[in-house]
Each structure stands twice: as C-alpha cells, then as structure tokens.
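Structure record follows, encoded as structure tokens.
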Amino acid sequence: MSSQHLKRLAMPRSWPLPRKTTVWVTRPTPGAHSLEHCMPINLVIRDVLGLARTTREVRFILHNELAKIDGRVVKDTRRGVGLMDVLTLGEENYRCVLDHNGRLRYRSISAADAANKVCRIEGKTTLKGGKTQLNLHDGRNILIDDPTEYNTGDSLKISLPDQSIVEHIPFGEGTRCYLIGGAHVGSTAEVKEYIRKRSSMPNEVQFDGFGTVVRNVFAIGSNDLPLMEVAE
C-alpha cells in the first residue's frame with residue numbers, strides 16, 4: 001500500500017485537499033515532477049475539478065481516451081499532472097500553476113494556449129558522439145545543435161505534443177519571471193539582478209523590492225499564464 005498511497009496528513013502543502021477526511025490519498029507515479037509540484041490525475045479529475053465522483057468514473061474517462069497530458073493520451077490514474085502541464089479533458093483544457101498560497105491549481109485555458117507550454121532548462125548533458133541534450137523541468141530531454149545558445153535557468157516554449165522549440169527565453173536582467181517558491185509564490189516580476197555565488201550557497205535573484213534563490217524563479221518572458229484568480 002505504501003508505494004501507491006500516501007497518508008493525507010503527510011501529503012504536500014501544495015495539494016489543495018482537506019487533510020482530515022480519510023487516512024489515505026493516492027500517490028502519483030514516480031516521474032518527471034517532484035511530489036510537491038504534481039498531483040495524480042485521479043485526484044485532479046475527482047477532487048479538484050469535480051468532474052467525477054469516484055475513481056471508477058475516472059477510470060472510465062481514461063480508458064475512453066478522453067484525457068490527455070501535454071497532448072498525449074493518459075490511461076494511468078496515478079499519472080502526475082505537474083507544474084506548467086496541460087491537461088485536456090474532452091474539449092476542455094487546463095494548465096497547472098501555483099496560486100499565491102503555493103497550492104497547485106488547474107486553470108481553464110483556450111485551445112490555442114493548450115498547444116504549447118513553457119519549460120525551464122534544469123541542465124545540459126553531452127551525449128556520445130558530441131551531441132548536447134537539454135534536460136527540462138518536466139523530465140523532457142531535447143537534442144540541440146548549438147550548446148552555447150542555451151544556458152541552465154533559461155526557458156523554452158515548446159509546441160505540444162511534438163515538442164519542437166517555438167521560443168527561447170534567456171534568463172537574465174529584465175526577464176519576466178514566474179515565482180514558484182518563497183514568499184512571493186504565484187506572482188510574476190522582472191529580474192533586476194542575478195547574483196552568482198562563488199560558494200556552496202545557492203545563487204540569488206533580485207527583483208524590485210525583494211529577492212529569492214534561483215530555484216524559485218521560472219523565466220516565462222512575454223508568455224501569459226492563467227494567474228488572474230486569487231486563491232481561496
């Protein structure tokens with residue numbers, strides 16, 4: 001039971017679910033996103049969006065190929081729907097974002113917005129043969145021709161589901177960013193200064209009136225996210 005379930009009292013604070021209803025809650029299948037930044041599709045459809053009453057109804061939706069994540073059909077009820085992912089249920093599309101309380105929300109978006117997503121570059125890997133691979137925040141790996149063009153911390157806007165690069169968003173001064181952690185989570189702000197530390201301390205990013213560590217910063221450039229609603 002421990003591999004598929006999680007005690008509700010121990011579930012991440014980012015999950016917008018009540019803690020004292022039942023003992024257990026579904027644990028997402030290990031995958032691209034961290035436990036804090038994703039929820040299993042079963043809970044999203046049933047408990048967050050309220051489009052099913054039971055897990056059996058969720059299974060019916062999935063087995064009839066009515067659910068997609070990033071444009072690809074999903075049949076695993078424990079598949080995680082994580083930060084920036086696009087969830088499609090029938091004709092409706094939703095994007096996973098964080099609200100101002102740091103909770104995962106699934107906001108309705110248009111079909112045009114659902115055709116792409118922004119991914120942060122977490123690292124670069126050199127493969128056999130000298131090719132370079134970009135490692136993105138959602139577990140994707142994309143091969144590129146020029147390794148000097150992209151840096152860790154930059155973001156890519158990719159088309160779905162074919163994941164071709166639509167836009168490169170360099171991270172640096174003046175870049176509009178989305179905050180995914182810290183006191184200003186769920187907000188957007190422009191970078192004033194990027195401070196690189198020559199020690200084991202994490203690099204810092206300064207915005208207008210506040211600063212945070214670089215892991216809390218997600219470059220989005222001119223792309224809009226469905227952040228208008230204020231958390232309950």
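Spin-label model, residue 213/residue 21: points 7 Å from Cα along the beta carbon direction are separated by 3.3 nm. In the elastic network of the chain, a GNM with C-alpha springs shorter than 10 Å, the most mobile of 84, 39, 201 is 201. Restricting the calculation to Cα atoms, the chain shows an Rg/Rh of 0.97 when the hydrodynamic-style radius is the Kirkwood one.
In segment 70-150, one over the average inverse separation of all distinct C-alpha pairs is 14.6 Å, which is the Kirkwood hydrodynamic radius. A DSSP coil position with no more than 16 other Cβ atoms inside 10 Å describes the following trypsin sites (Lys or Arg not before Pro) in segment 145-226: 192, 196, 197, 198. For residue 13, neighbours were defined as the other residues whose beta-carbon sits under 11 Å from its Cβ, and their charges (Lys and Arg +1, Asp and Glu -1) total +1.
In a simple Cβ point-charge model (Lys, Arg +1; Asp, Glu -1; nothing else charged), segment 5-109 has a dipole of about 480 debye relative to its Cα centre. Separation of the alpha carbons by more than 26 angstrom is noted, of 124/197; 7/117; 68/157; 124/157; 7/157; 75/131, for 7/117; 7/157; 75/131.
Would you mind pulling out the separation of the Cα centroids of segment 183-232 and segment 130-179, in Å? Cα centroid to Cα centroid, the span is 17 Å.
Restricting to Cα pairs below 8 Å that are 6+ residues apart, what does the relative contact order work out to for the chain? Please round to a whole percent. The partial results should precede the final answer.
Working: 476 pairs, mean separation 31.0, N = 232.
This gives 13 percent for the chain.
Which residue fluctuates the most in the chain, going by a Gaussian network model with Cα springs under 10 Å, if the choices are 153, 90, 129? Among 153, 90, 129, the largest GNM mean-square fluctuation belongs to 129. For segment 5-109, the Kirkwood estimate of the hydrodynamic radius, built from every pair of different alpha carbons, is 13.6 Å.
In the calculated pair distance distribution of segment 115-169, what percentage of Cα-Cα distances lie above 14 Å? Present the calculation step by step, with values, prior to reporting the outcome.
On the way: 705 of 1485 pairs.
Percent of Cα pairs beyond 14 Å in segment 115-169: 47.
Of 156, 134, 83, the residue with the greatest mean-square motion in the GNM of the chain, using alpha carbon springs below 10 Å, is 134. The dipole here belongs to segment 50-168: it is taken about the Cα centre, uses +1 on the Cβ of Lys and Arg and -1 on the Cβ of Asp and Glu, and is about 580 debye. Estimated translational diffusion coefficient (Stokes-Einstein, Kirkwood radius over Cα pairs, 4 °C, 1.567 mPa s) of segment 160-203: 100 µm² per second. If you wrap the Cα atoms of segment 125-209 in a convex hull and average its projected area over all directions, you get 7.4 nm².
Under 5 Å from the amide H of residue 150 lies no amide H of any residue 5 or more positions distant or on a separate chain, with H modelled from the backbone and absent for Pro and chain starts. Can you compute the FRET efficiency between residue 66 and residue 168 using 1/(1 + (r/R0)^6), with r the Cβ-Cβ distance and R0 = 30 Å? Round to the nearest 0.05. Efficiency for this residue pair is about 0.35. Note that segment 165-178 has calculated 3J(HN,Hα) couplings of 6, 9, 8, 9, 10, x, 9, x, 4, x, 6, 7, 10, 10 Hz, one per residue in order, obtained from phi through the Karplus relation 6.51 cos²θ - 1.76 cosθ + 1.60 (θ = phi - 60°); glycine and proline are x.
Taking all C-alpha pairs of segment 8-48, those more than 13 Å from each other amount to 51 percent.
Since every read-out is calculated from the coordinates, none of them should be taken as a lab result. Keep in mind that what you see is a predicted model, and the values were worked out from it rather than measured. Neighbour counts are summed over all protein chains in view; Cβ atoms, including those assigned to glycine, are modelled from backbone coordinates with ideal geometry.
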